[in-house]
Structure formats: structure tokens, C-alpha cells
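Data first, discussion second: the structure below is written as C-alpha cells.
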Amino acid sequence: MKVQVETVSSIEKRLSVEVESAVVERELKQAYTALASQVKVPGFRPGKVPRRILEQKYRSEVEADVVRRVQLQAFVDAVKEHNVVAVGEPHMSGGKLVEKEPYAFTIRVEVKPEITAKDYKGLAVKKFTGVVTDEQVAEQLERMRASRTELVKVEGRDVAQRGDLAAIDFDALHDGQPFPGSAAKGVTVEITDGSLIEGNLPQLEGATIGVMKEFDYTFPADYRTEVVAGKTVRFHATINELKAKKVPELNDAFAETMGAANLAELKDKLRKDMERAAKNRADADQREEIFARLIEKNTFEVPSSLVEHGVRMMLEAALGSMARSGVDPRMLNLDWPKLQEELRPRADREVRGQLILESVARQESLSVADEDVEKKLEALAEETGLPLSTVRKQYKTQDNLAKLKDRILEDKALEVVKASATFEEPTK
């Protein structure tokens, strides 16, 4: 096979390929032999149909299939032989099968740009720290308590108080006439500050169960029911039942419901989880900040296929996060094309940053040793809570192991950049 490689741009190469006639003929022979065993032709036994008969009926299909296989194999061999680091799908063109003649065609393929990172030392960057305060831990504990709130029927009083939840029947009139949604029974509202359309009715504070109370309510100007949008309406509401929120006390008993032995253990575990999450956010923000500064100092083209791959990875990560949270993305009515467009600039920055760090790793002669891999596996096991043996199995395949080594190498290159950087005041 003859291959001529031309540089179209810093991110694209064109390969002119010529495949020997003997290779093409071998592929055609194999294709017709396989076809002969599959088709039924009157007057011939299976596998005994002459090639000339098959050519009369199936030539175009067979040749199209052979062309695809020859092109694909030639592409694989050509990029390997000529060290072309292809990214994305190749685009084949030209080429026509002619008996006993070589098959020639061209391949255009995007490639990683060959860059040499510059000015990556001595960067001035903002510093991000994952600090967790006592107040933040306390606020999270309160949110956890609130998540275990129970509703209990109010006993011993029939007058509504602020903070109660009331089951009510209501009706309303506008200019003496009902309107869509103007009446309902058994609706639960909260007696607290806010808006009626959000389920809050402070007007019922002091109302008595079974006694109708009248009040006026002005709908927002953009309310969906046009007839009352921006209008003041007279409501009549009757409370049928009152319930109160019962929030559990913050004690050892509550901690046990959250899977901890006691309150001290719950607080300790919560703080560690929050600090781990805060550190991960700070690390991600710091990485983005360093990428932004590196990109300012290093201008180059990036292959669109790498950016699109980055968009897909981000979408998959978001979908995975939703699934782990119990959210069905199909229920969110997401605008996927719009979401992809919004993610594309971020994916572009990520690709550029990764390519710069690859160059830093080469220029600094960085490498990944077996002990580096073992440390990373141990860190992943601790982070995910999975047994180390399970994590090792996940990264046992060559592909996954190669990706893990790439991550480690990138981290090392990032540390080189950080080591000489000047950090501005911390940002929480």
C-alpha cells in the first residue's frame, strides 16, 4: 500500500492512499464466495453459484461493501504506519474499483494539533479553597432535619396559627362571576407569608375551623388566567383541618435515623462529606482558572471532533448525575440542541486546556509509574467508597487503564503549573 500524507492545516491531514490490486481482488473473491453460500439461485446448488452470475445481480452491493472494508483497513494501517494521531471519523472520497488495477482514494481526517506550550510558568491566578465553616455544617444539619419533617393533626385548638398547614375549601368571584380555577375542595395551603398561587395564605391566620373567612387577593399581572390577571378577587375560604409541622430534635435519636451511631458521629461524617465536596469544587474551579490563563497565552486551532466529544461527555455526566439523584431527564423536557450549544464553549476550553497540559507533560518529561497508578486507585476507592479490589477491576482493561494514566499525567502537569504560579487572595 502506498500512502502520501499532506498537512492541510494544523488540525487536518489528507492521506492519498493506493491499495494494491491483489488486495482488492482478494477481498472481492472472499465477498463473492461468502455471497454464493448465502443466496439461492435456480439451477445451482448452495455455494456453487458462479461468480459471473453473482456479478450480474449483486455487483454494486458487493463492490460497495468491499470498498468500505478496504478503505477502513487502509485507514487503520496508514495512520499507524505514519503516526497520524487521528481524532474523529475519517472522511473518504474518490476511488473506483477497476479490475486488476490498484484502488486509489483519499482520506481527510482531523488530528491533534502539535503545540508547544509557552508561558506556563509564573502564572498569576485566583486561588480557590474548599473551606467549610461551622455555620455551613449547622445549616446543612437544619436542612436534614427539615427533610424529616412530619405533619401531625393539630389537637386542642381550632384556630389557625402561622406555620400551620390547612386543608380548605374555597371559592372566588370576579365581578360576581366564577372563573377558571375559582373553586376547589380539600386544597392544602400553608399559613405563612407569600402568595396564594404558591400555596401560601397568611390571610387565614386567626381563622377558625369550620367558619368561613373572606379576604381579597390581587393576582399578578402576568397570571395565566387572563380574566383575573392583575385583578383583585374576593375569596371565601373554610378550614376543614389543621396540621402542624413536627421537626425532629437534633439529638442522638435523629442521628440514628440518618445512619449514624450518635449526633457527634453524624456531625463528623457530615463535615467530612462537605469538606470533600468543597475541595472537589475548589479543585475544579482552580483547574478552570488555570486553563483560562494558559489559553490566554497559547493560541491554536482545535479539532471540532474533540470539542463535540467533550460536549457528549459532559451531557453523559449530567445524565448520570440526574439518574443517581433519581431524576428522569425525560420528565424535564430539556432542549437538547440548546443545551449542547451552551456546553460547547466549556468543552472547547476543556480541550484546549488538556492539549496544553499534554504539551507541558512532554516538555517536562513527565511519566506515570506503577506506584502512581496504585495511589490513584486507592484515592478513587476512598472517594467512591468502593472496595479497592472493585476499583482495580474497573481499571483492569487496557482502555480504562490508559485513560487513568492520562488523568494522572494531566494532574502531574497541572501541579507543575501550580508550583510556579502566583495565587491571589482566596475565593470561597
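Add +1 for every Lys or Arg and -1 for every Asp or Glu among the other residues with Cβ under 12 Å from the Cβ of Val187, and state the total.
Taking every other residue near Val187 into account, the sum is -3.
With a 10 Å cut-off between alpha carbons and a GNM built on the chain, which of Ile191, Ile356, Ile295 moves the most?
Maximum fluctuation in the GNM of the chain, among the listed residues, is at Ile191.
Can you tell me the orientation of helix 134-147 relative to the chain, as the angle in degrees between its alpha-carbon axis and the longest Cα principal axis, to the nearest 10?
Taking the Cα atoms of the chain, the angle to 134-147 is about 80 degrees.
Mean-square fluctuation check for the chain, GNM, Cα pairs under 10 Å: which of Lys297, Lys29, Lys279 is largest?
Maximum fluctuation in the GNM of the chain, among the listed residues, is at Lys29.
Pull out the extension gain between Glu316 and Glu20, defined as 0.36 nm times the separation in residues minus the alpha carbon to alpha carbon distance; nm, one decimal.
Computed gain between Glu316 and Glu20 is 102.3 nm.
Gaussian network model of the chain, Cα springs within a sub-10 Å range: biggest mean-square fluctuation belongs to which of Pro220, Pro387, Pro90?
Pro220
Enumerate the calculated ³J(HN,Hα) couplings along region 151-164 in order (Karplus 6.51 cos²θ - 1.76 cosθ + 1.60, θ = phi - 60°), each rounded to whole Hz, writing x wherever the residue is Gly or Pro.
9, 10, 5, 6, 10, x, 8, 10, 9, 6, 10, 4, x, 5
Between Ala104 and residues 5 or more places away or on another chain, which pairs have amide H atoms under 5 Å apart, with H built 1.01 Å from N, and which residues are they?
Close amide H contacts, sequence-distant or interchain: Val19, Lys96.
Relative contact order, percent, of the chain when contacts are C-alpha pairs under 8 Å separated by at least 6 residues?
Normalised by residue count, the contact order of the chain is 18 percent.
Along the positive direction of the dipole of the chain (beta-carbon charges: Lys, Arg +1; Asp, Glu -1; about the Cα centre), which of Pro102, Pro337, Leu201 reaches farthest?
Pro102
Within region 135-211, list the GluC sites (Glu not before Pro) lying in a DSSP loop whose Cβ has at most 10 other Cβ atoms in a 10 Å radius.
Sites meeting the loop and neighbour criteria: Glu155.
Please identify the trypsin sites (Lys or Arg not before Pro) of region 44-99 that satisfy two criteria: DSSP loop assignment and at most 13 other Cβ atoms within 10 Å. Which are they?
Passing both the DSSP loop test and the Cβ count: Lys48, Lys96.
For the chain, with the dipole built from +1 on Lys and Arg beta-carbon atoms and -1 on Asp and Glu ones, taken about the Cα centre, which of Tyr217, Asn83, Val227 lies farthest toward the positive end?
Asn83
Once amide H atoms are placed 1.01 Å from N in the peptide plane, what residues at a sequence separation of 5 or more from Val87, or on another chain, have their amide H within under 5 Å of its amide H?
Glu110, Val111, Lys112
Find out how many positive minus negative residues lie around Lys127, taking Lys and Arg as positive, Asp and Glu as negative, among other residues whose Cβ is under 9 Å from that of Lys127.
So the environment of Lys127 carries a net charge of -2.
Using θ = phi - 60° and the Karplus form 6.51 cos²θ - 1.76 cosθ + 1.60, what ³J(HN,Hα) does each residue of region 399-410 get, whole Hz, x for Gly and Pro?
5, 5, 5, 5, 5, 5, 5, 4, 5, 5, 5, 5
Please figure out what share of the DSSP beta bridges in the chain is antiparallel and state it in percent, rounded to the nearest 5.
Of all bridge pairs located within the chain, approximately 90 percent are antiparallel.
May I ask which residue of Val131, Thr149, Val159 lies farthest towards the positive end of the charge dipole of region 126-168, with charges of +1 (Lys, Arg) and -1 (Asp, Glu) on Cβ and the Cα centre as origin?
Farthest along the dipole direction, towards plus: Val131.
Can you give the charge dipole size of region 2-111 about its Cα centre, rounded to the nearest 20 debye, using +1 on the beta carbon of Lys and Arg and -1 on the beta carbon of Asp and Glu?
So the dipole magnitude of region 2-111 works out to roughly 680 debye.
For Cα extents along the principal axes in Å, one of [x] 99, 69, 44; [y] 92, 72, 39; [z] 67, 53, 34 was computed from the structure I shared and the rest are decoys. Which label?
[x]
Under the Karplus relation 6.51 cos²θ - 1.76 cosθ + 1.60, θ = phi - 60°, what is the ordered set of whole-Hz ³J(HN,Hα) values for region 47-62, x standing for Gly and Pro?
x, 10, 6, x, 4, 4, 6, 5, 4, 4, 9, 10, 3, 4, 5, 5
About the Cα centre of region 95-201, how large is the charge dipole given +1 on each Lys and Arg Cβ and -1 on each Asp and Glu Cβ? Please answer in debye to the nearest 20.
It comes to approximately 960 debye.
If I take all pairs of Cα atoms in region 287-381, what percentage of them are more than 14 Å from each other?
Cα-Cα pairs of region 287-381 separated by over 14 Å account for 75 percent.
Please give me, ordered by residue number, the chymotrypsin sites (Phe, Trp or Tyr not before Pro) of region 41-126 that lie in loop per DSSP and have at most 14 other Cβ atoms within 10 Å.
Phe44
Calculated from DSSP H runs of 4 or more alone, at -39500 (n - 2.57) each and per residue, what is the 222 nm mean residue ellipticity of the chain, nearest 500?
-15500 deg cm²/dmol
If the only charges are +1 at each Lys and Arg Cβ and -1 at each Asp and Glu Cβ, what is the size of the charge dipole of the chain around the Cα centre, to the nearest 20 debye?
1960
Treating the angle as unsigned and between 0 and 90°, give the value, to the nearest 10°, between the Cα long axis of helix 263-297 and the longest Cα principal axis of the chain.
Helix 263-297 sits at roughly 50 degrees to that axis.
Taken together, the values in this text are just the output of simple stated rules run on the coordinates, not laboratory data. Note that the structure is a prediction, hence the values are computed from the model and not measured. All Cβ positions, even for glycine, are placed from backbone atoms using ideal geometry, and neighbour counts span all protein chains on display.
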